[in-house]
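Written out below as structure tokens is the structure these notes cover.
The values are calculated or read from the model by the stated rules, or taken from the named source; none is laboratory data. Please read all numbers here as calculations on a predicted model, not as lab measurements. Backbone-built Cβ (ideal geometry, glycine too); neighbour counts: all protein chains shown. When the accessible area is computed, the model is the full protein with side chains, heavy atoms only, and any ligands, DNA or RNA have been set aside. Shrake-Rupley method; radii C 1.70, N 1.55, O 1.52, S 1.80 Å.
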Amino acid sequence: MMNNPWVIDQVHITIRLVLALFLGGLIGFEREVSSHAAGLRTHILVCVGSALVMLLSMYGFSAFVNEVNVRIDPSRLAAQVISGIGFLGAGTIIFNGRSITGLTTAASLWVVAGIGLAIGAGFYYPAVLACFMVLISLWILNKVEHKYFNGKKIRILKILAVDQPGTLGLITTLLGKQKVDIRKIAMEEQEIENKPNQVQITFHVTIPKPSIIETVLEEINQMKGVTGVTLEKSKI
């Protein structure tokens with residue numbers, strides 16, 4: 001393999017594809033644990049597929065190297081992976097009113113594709129280094145972000161209440177007093193046995209201080225007609 005740059009043996013092919021599976025799996029595992037749309041299997045498939053395309057681009061057409069009218073460009077197929085991965089990334093991005101979620105997962109898929117291409121080209125060190133840098137960004141920096149910037153995150157407040165006039169106004173007034181920023185409101189009728197005329201009110205909100213969350217939930221839960229309150233974190 002060292003004497004001919006256009007030829008690779010089966011051992012090195014196996015090493016590159018297995019390494020792509022492992023590194024893509026590490027990043028995918030973090031996304032899977034965090035319950036994101038693209039998880040373990042998706043990241044593995046993207047990374048292994050990118051490595052395979054790179055191997056094909058570099059070594060798949062070696063039989064034509066000595067042809068007079070043929071010019072081999074190892075980057076021709078690899079260049080299409082970066083642009084082509086966009087359709088997968090777009091599938092993880094969700095737009096809700098004024099908030100957009102899934103950008104981090106879309107970016108991780110794009111980076112995993114780059115890692116796969118690097119492995120396929122035999123760029124082992126940059127691939128491994130990039131993988132661990134991505135893991136640090138997704139895991140450690142995510143914890144820092146939630147600790148220090150938690151108030152800026154979009155949260156989903158779901159309230160189950162009796163469908164009666166004035167309920168929505170009372171809830172929005174309460175949230176306004178606590179300086180909770182309402183980004184989007186949605187209402188949906190609920191059919192619950194032994195609980196007629198139920199409606200679920202979904203608020204997309206940002207909370208200025210995490211310390212007021214319990215107070216807000218308790219005050220809403222004590223309101224007349226409210227039968228249930230939940231607060232969820234919007235996916236990143």
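Place a +1 charge on the Cβ of each Lys and Arg in the chain and a -1 charge on the Cβ of each Asp and Glu, then give the dipole magnitude about the Cα centre in debye, rounded to the nearest 20. Could you put the intermediate results ahead of the total?
Numbers: 21 positive and 16 negative charges, 131 e Å.
The calculated dipole for the chain is roughly 640 debye.
Roughly speaking, what is the stretch gain from I182 to Q164, that is 0.36 nm per residue apart minus the C-alpha to C-alpha distance, in nm to one decimal? Can you show the working numbers first?
Working: separation 18, 0.36 × 18 = 6.48 nm, distance 2.10 nm.
Additional length available on full extension: 4.4 nm.
Of the listed pairs K143/K177; K158/K195; K195/K233, which have alpha-carbon separations greater than 23 Å here?
Numbers: K143/K177 29 Å; K158/K195 17 Å; K195/K233 27 Å.
Exceeds cut-off: K143/K177; K195/K233.
If packing is taken as the average number of other Cβ atoms within 10 Å across a peptide's residues, how do 138-144, 50-56 rank, most packed first? Could you put the intermediate results ahead of the total?
Values: 138-144: 12.6, 50-56: 22.4.
My ranking of the peptides, most packed first, is 50-56, 138-144.
With all protein chains present, calculate the accessible area of F22 using a 1.4 Å probe and round the result to the nearest 10 Å².
For F22, solvent-accessible area is about 120 Å².
Not counting ligands, DNA or RNA, and with a 1.4 Å probe, what is K233's accessible surface area in Å² rounded to the nearest 10?
Its heavy atoms expose roughly 120 Å² to the probe.
I want to check the label-to-label distance for R76 and W6. Put each point 7 Å from Cα in the C-beta direction and report it in nm to one decimal.
Placing both labels 7 Å along Cα→Cβ, they lie 1.2 nm apart.
I need the helices of the chain that pass two filters: whole DSSP H segments spanning 18 Å or more by Cα along the axis, and mean Kyte-Doolittle score no lower than 1.0. Don't jump to the answer; show the numbers that get you there.
Numbers: long enough: 10-33 (34 Å, 1.16); 40-59 (28 Å, 1.62); 103-120 (26 Å, 1.76).
Sorted by number, the helices that extend far enough and score high enough are 10-33, 40-59, 103-120.
Using r as the Cβ-Cβ distance of T227 and A90, and R0 as 35 Å, what FRET efficiency do you calculate, to the nearest 0.05?
Details: r = 38 Å, r/R0 = 1.09.
Plugging the Cβ-Cβ distance into 1/(1 + (r/R0)^6) gives 0.35.
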